[in-house]
Amino acid sequence: MTLDNSPEIVVPAADVETDQIVDSKLIDTMGTEWWRSAVIYQIYPRSFADDSGDGIGDLRGITRRLPALAQLGIDAIWLSPFYTSPQRDAGYDVADYCDVDPLFGTLDDFAELEAAASALGLKVIVDIVPNHTSSDHAWFQAAIAAAPGSEERSRYIFRDGTGPGGDIAPNNWDSVFGGPAWTRTTNPDGTPGQWYLHLFDSTQPDLDWENPWVREQFRAILRFWLDRGVDGFRVDVAHGMIKKAGLPDYTPPADSGSMGGGTVGFEPEIGSHAEAPTPPYWAQDGVHDIYRDWRAILDEYEGDRVMVAEAWVEPLTKLARWVRPDEMHQAFNFSYLESAWTGPTMRRVIDASIDAFSGVGAPSTWVLSNHDVVRHASRLALTAENPQGHGIGPKSPGQPVPALGLRRARSATALMLALPGSAYLYQGEELGLPEVIALPDSAREDPTWFRTNGERYGRDGCRVPIPWEATSPSYGFSTGAASWLPQPGDWAPFARDAQIGVAGSTLELYTRALALRSEHNLGLGSVEWLDGYGDDVVAFRNGSVTVIANTGEVAVELPIGKMLLTSHELHGAALAPDTTVWIVD
Ligand code: TEU
C-alpha cells in the first residue's frame, strides 16, 4: 500500500505561531474520548417533530422520536437553539440564554429530553450563540434606553455615524444576510441616534467581547447548561466575536464564496493556496483567548464535555487554531462540505483535513449538510454554473437532477462515514431528503431572502419539516396537520416508515453504515491510500476495511473481498459511477 497523493499538490504544514506551540506528547497520546469518533446528529428543533400540534417542532416531539435516532446508531445529538427568542433568525436570535422558548416547551421538557437521551446512551450538545443577542434581549433593550457612552451601550458595538449629521454608517461592512451591517437608533426625542453593528440581521446586534462584563455573562451561561448535564456546546459564529480595533473599512474579494459578508471563500484547491486576507470581523487572534477561558470551565466538569466551533475559516491549517489542545475539541470541516465530488478534490481535502487537525492533536470532523446549506442530495448535482447553490429556488441556475443528486449523496455519505474522526449528520439526510427548491415565496422566512429582496433564496429549502409517516397528515411531523414551512406533496417515499427495513433504502444504508463503522472502529482508524485506481476513484483502507468510491463516469473493477456495504446495488464486479463500497478481506 502506498500513498497516492496527487504529486502537484503541496499541502502546507500546520503553521505554528509562537502562541500555538503544541505539546507533541499530547498529540502522541491522542485519546479515545467519545467525541473523537462520534457521529453527531443535528436536530433542528422547529422541523424535527411537533408534539403540541402548532406546526412547529418542539422538545417533547424530540423526546418522543429519540428512539428512532438510537435505532439509527448515532452517538450524540446537537440541538440548534431552542431558547427564548422572537425567532427572527429561527432562534439564532436569543433573548434569554437560560430559558426555553414557549414555542419549544420548558426547562422541564429539556430535562426530560436529556434523561431520555441519556437512557438511550445518546450525548446531548446544545448550541450557544455568543456573537450576538436578539434585539429583544434585556441587555440590548437596556442599551437602547441608555445614553451614548453608558455602561449598557458598552456591551454592544454602538458608534456615532460619520458625515454631516452622523447619517453615514460608521464603516462599510455588509451583513452576512445582505445589506449594511449597521442600523441607526432613534433617540427618545425622535432624533436619529447612534448606530449599532449587526453582522447578521438588524435584530441580531453584535456583543462587544472586549468588554469583561460580556465575558462574565457567558461564563455563567455555560455553567447554567453544564450544570444541567449537557455534554457540550456547538459555538455559533465562533470566528466572529472579536473585531479588529478601529473597525476599519473592508471590501471582500468578489469571489468570497457562500459567506456573503466577507468570509473567505472556499476554493477547490483546498490546502494548496495561500491564505486570503483576513476580514476585520472574522478570525481575529483575540477570539482564541475566549475559548481558552471556556475550555478551562468545561474542564472543571466531570465527563468529557466538548466544544465544536462553527468557524467558516479557511484554509484548514488556519481553522486548526480553533482546536489547539487548550481550546475547542472540534471544528466543523466546511472545506469538506464545500468540496466538489471529484476524486482529486476528495483525496486532497481528506489529506489536508487529517494533516491540519492531527497537527494539533484534534480529530478531523466531516460534514455534508446542515441547516445553512443546500442539502447534499441536491447540492452534489448542481451544475458547474452554480456549484454550491447558496440557497436555491425555482429561478436559480444549475438546477439539480434529483436522482443524480441522491445517488451522489448516498455515495458521498458512504465515503464520509468510513473516515476516521467525527462525523456530523443533519436531520433528514438519512432519509435522502433533497432541498425543497419550489417553496412558495410567500412561505419563506430566512432573513437572507428579505434582506436581499429575493435575490438570494436563503436557507428555508433545507429546513422543511421532515417526514416520519408516509400516509399521516404532515407526514407525521406534527400531531396536527400543519407544518411551519409547507412540505412537498411527493415526500411519502422519503418518510421514515416507508424506508425502515426496506432493503436498499437510504435509511437502511445509513443504519448499516453506522453499525459497521462502530463494529470496525473506523472512527478511531486511519486512511491508507490505495494505488492502482484511476484519478476519479477514491480508494483507501481504514483498518481491515477497504473503501472505494467512484466519482467518475465509467465503471471500475472491484477487488475480491467480502462486500460489507454498497451505496447502490452492484452488477457483478463493477463499481458503477457515483457508488461507494466497503469491502473486507
Ligand atoms: O451561521 C453563521 C454563518 O455565517 C452562516 O449562517 C452562513 O453565513 C449563512 O448561513 C449563509 O447564508 C450561524 C448559524 O448556523 C446560522 O443559522 C445563523 O443564521 C447565523 O449563525 C447567525 O446566528
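The values are calculated or read from the model by the stated rules, or taken from the named source; none is laboratory data. All of these numbers come straight from a predicted model, not from anything done at the bench. Cβ coordinates were reconstructed from backbone atoms using ideal geometry, including for glycine residues, and neighbour counts include every protein chain displayed.
What residue, among those in segment 528-583 that are part of a strand (DSSP E or B) and of a type in the set (S, T, Y), is farthest from G432 (Cα to Cα)?
Ranking the candidates gives T546 first.
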Among the residues of segment 446-470, what is the count of those that are crowded, with 19+ Cβ neighbours inside 10 Å and within 16 Å of the ligand (Cβ to nearest atom)?
14
If we scan segment 338-346, do we find a residue that is assigned by TED's automatic domain parsing to the domain that holds S37 and within 16 Å of the ligand (Cβ to nearest atom)?
yes
Search segment 145-170 for residues that are without any contact (Cβ under 8 Å) to a residue 12 or more places away in the chain and pair each with any residue that is in a loop (DSSP other than H, G, I, E, B) when their beta-carbon atoms are under 7 Å apart and the residues are at least 6 apart or on different chains.
A146/E152; T162/P170; I168/G161
In the set E435, E469, which member is farther than 23 Å from N386 by Cα, out of contact with any His (no Cβ under 8 Å at 6 or more places or on another chain) and charged (D, E, K, R)?
E469
Within segment 136-146, can one find any residue that is more than 16 Å from the ligand (Cβ to nearest atom), assigned to a loop (DSSP other than H, G, I, E, B) and outside the structural domain of V230 (by TED's automatic domain parsing)?
yes
Close pairs (7 angstrom Cβ cut-off, 6 or more residues apart or separate chains): closer than 15 Å to E327 by Cα in segment 354-373, assigned to a strand (DSSP E or B) anywhere
A362/Q330; P363/Q330; P363/S422
Index of the failed condition, S150 passing every other in (1) within 13 Å of the ligand (Cβ to nearest atom); (2) not assigned by TED's automatic domain parsing to the domain that holds Y301:
(1)
Restricting the first residue to segment 73-87 and requiring it to be assigned by TED's automatic domain parsing to the domain that holds I500, which pairs with a second residue that is within 12 Å of the ligand (Cβ to nearest atom) and basic (K, R) meet a Cβ separation below 7 Å and a spacing of at least six or different chains?
W78/R234
Residue pairs, Cβ under 7 Å, 6 or more apart or interchain, first in segment 216-238 and on the phi > 0 side of the Ramachandran plot and in a loop (DSSP other than H, G, I, E, B), second at pLDDT 95 or above and within 15 Å of the ligand (Cβ to nearest atom). List them.
V237/N131; V237/E310
Which of the following residues is within 30 Å of V502 (Cβ to Cβ) and out of contact with any Cys (no Cβ under 7 Å at 6 or more places or on another chain): Q42, Q87?
Q42
In segment 66-88, how many residues are surrounded by 23 or more Cβ atoms within 10 Å (Cβ to Cβ) and out of contact with any strand residue (DSSP E or B) (no Cβ under 7 Å at 6 or more places or on another chain)?
1
Selected residue [in contact with a helix residue (DSSP H, G or I) (Cβ under 6 Å, 6 or more places away or on another chain), closer than 25 Å to L199 by Cα and more than 16 Å from the ligand (Cβ to nearest atom)] from A320, A362, A377
A320
Scanning segment 422-434 residue by residue, those within 19 Å of G57 (Cβ to Cβ) and part of a loop (DSSP other than H, G, I, E, B) turn out to be Q427, G428, L433
Output yes when any residue across segment 385-396 is of a type in the set (A, V, I, L, M) and part of a helix (DSSP H, G or I), and no when none is.
no
